[in-house]
Structure formats: structure tokens, C-alpha cells
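Comments concern the structure below.
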Amino acid sequence: MKQITILILCLSVFTLSAKPQNDSLTINNFKNWQTKRITKGVKSKTIHFNDCNFFKAKQHISIIEVSPKSNSKFDLAYQPSELLILDTIAKRKQALAAINGTFFDIKNGGSVDYIESNDTVINQSRLGKNNVRAEHQKGAILFNNYKLSIAQWDKTENWEQKFEATDVMVTGPVLIINQENVVIANDAFNLARAPRSAIGIKEDGTVLMVAIDGRMIEAEGVTIIELQQIMKWLGCSNAINLDGGGSTTLYVKHKKNGQIINHPSDNKIFDNAGQRKVANAILLIK
């Protein structure tokens, strides 16, 4: 009963627009990360806000931080029609770390957004009526020589097929591009508190793989606008949203063992076991 009361109090002070935080204590809490070294230039970081003190809510944030000095590389993993849990995908590829990728068909498998690998189209974007793009089809993660970059839809047809990149994953919405916040649509998806996954790139080339838990008393999740602010606070000059909700999962290999370090929400328990099967992922490999 006490936990339910706390949750109600947290929700009662929640506002739909994520204004910049004036609480310096909240911002300074970003210094209180629990950090583990994975390998040269790669570390995992987690932090928990337990007193409704981050966006007036309980939150749990997990990050894999990859320095440009790291010898590790990024790769795209996908199944054209099959769905697998992230733990399985990562271990099959012997990945150091992994995060769930873009949006997918949860019933039939395969991505609903454009996936291209080695000049081969794996999945086409399933556009809406009159070929209208969803918000998650207005951005892309590009893989060039195992390095990542982020692109924003240029409003042309077949935009995703024009990139000279080894691999392409369409996703979105784009949060930050060239250090400028992107205007976020005022719709239910963006304004709802939920688990969120994101990729951010700092000006020095550092890449952040970010998972924010949600849909639980211990971690309520964030809106897309709040996610945008978090990525800005973390120092990203470019950032993009990935599939979230029950898909939000972050994997890391500590020493010999791989493990999920966030709290996937599909089992509705604040543990590491509630993974949802997904169609694709972003991997960090040796």
C-alpha cells in the first residue's frame, strides 16, 4: 500500500511538458553512477532515482559508454522474420554489449522500419496511409566501417535507400541533430511515460547506448521529450530514439558472463528477466 501511495504522489506532480530542471541536486546526481569497466574504452554505468526526484518520478537509467579510443566496433544484427531475446542475439554474435534496435512486427516478426545490410534490403519501411511516415521512420542510424552516425529524414521519397553506408537502420524520432534539439510532435506516443531506448553520440565521438526503465513502481519511465533532455544533459550532440516499451533491453558482457543490466518490463517485475523477443539490435563487438 505504501508503494502505491508513493507512485500516486509521483504521478500527481507529473506534467506533460518536460521543462528544464531547476533542481541542481537532480542534475548533480548524474555524478553518482555505479560504473564498471568492460574493456579498454568501454564501461557500463547505472543510476537509480528512488525518491520521485528525477522528473518528479522514480527512474532507473543504464548506459554503455564507448570511447572513440576503444578497439570495439558497432554492428547491426537482424532477423528478417524471426524474433529472439537480446541475450540470445548478443551471445550468438559474441558481443561485448547490445541494445534493442528499431520497431518490429511483434506478431509476425521482422522490422516494420527499413533495414539494409551490405547493400541488401532486409526489411522495407511499412508506411501509413498515403505513404505517410510514422515518427519512427523519420530518422536512421548509419553504420560505416563499424562506426555510427545519425541522420534525419530529408522529406524525400525513398530517402533511406540513398545512403552510402554499410548498414542502415531506420528508427526515430531523432532527438538531437548537430547539437540542436529536434521539435518533438505533441502526440500520445511522445508524451506517455514508458521505458525508452536511445543511441547518443557526443562531439568527441563517444557513443552512448541508453536504456531507461519504466512501467514499474520502482521506475516509471520517461516521455520522448524527457528522453531528449536526458540525452542533452549526457552531452550528446546527436541522439535518436529506438524502439522502447517492453523492448527496452541493454546487455553487457562482464568478464566471461553476459547479462542484462536494465530491468525489461515484460514480466512486470523489477528484475533482469523480463526480456521481450525483438527483431534487430545494435551490437558492440571486438
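Numbers below:
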quantity: Cross-link pairs 107/147; 107/138; 31/138; 58/155; 93/155 - those with Cα-Cα distance over 29 Å; calculated: 107/147; 31/138; 58/155; 93/155
quantity: Euclidean distance between Cα centres, the range 208-263 to the range 266-286, Å; calculated: 11
quantity: 5 angstrom amide H check on residue 38, placed H, neighbours 5+ away; calculated: 43, 44
quantity: Label corresponding to mean projected area of the Cα convex hull in nm² when calculated from the structure given, among [x] 14.0; [y] 16.4; [z] 14.7; calculated: [z]
quantity: Rg(Cα)/(2.2 N^0.38 Å) for the range 141-286, N = residue count; calculated: 1.06
quantity: The range 232-247 - phi-based ³J(HN,Hα) in whole Hz, Karplus 6.51/-1.76/1.60, Gly and Pro as x; calculated: 5, 4, 6, x, 7, 8, 9, 7, 8, 7, 10, 4, x, x, x, 7
quantity: Placed amide H near residue 250: partners under 5 Å, 5+ positions off or other chain; calculated: 261, 262
quantity: In order through the range 205-213: 3J(HN,Hα) via Karplus (6.51 cos²θ - 1.76 cosθ + 1.60), integer Hz, x for Gly, Pro; calculated: x, 4, 10, 10, 9, 10, 10, 10, 6
quantity: Computed [θ] at 222 nm, deg cm²/dmol, the chain (DSSP H ≥ 4; -39,500 (n - 2.57); rounded to nearest 500); calculated: -3500 deg cm²/dmol
quantity: Burial ranking of peptide ranges 170-180, 40-50 (average Cβ count within 10 Å, highest at the top); calculated: 170-180, 40-50
quantity: Segments 201-213, 128-140, 185-197 sorted - mean Cβ within 10 Å per residue, highest first; calculated: 201-213, 185-197, 128-140
quantity: Vicinal HN-Hα couplings computed from phi for the range 149-158 (Karplus, 6.51 cos²θ - 1.76 cosθ + 1.60; Hz; Gly/Pro x); calculated: 9, 10, 10, 10, 3, 9, 6, 9, 6, 6
quantity: Evaluated at q = 0.23 Å⁻¹: base-10 log I(q)/I(0), Debye formula over Cα of the range 83-145; calculated: -1.18
quantity: Among 250, 190, 33 - extreme Cα towards positive end, dipole of the chain, charges at beta-carbon; calculated: 33
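Every read-out reported here was derived from the displayed coordinates using simple, explicitly stated rules and does not represent laboratory data. No experiment lies behind these values; they were computed from the predicted model shown. As a convention, Cβ positions derive from the backbone with ideal geometry for all residues, glycine included, and neighbour counts pool all protein chains shown.
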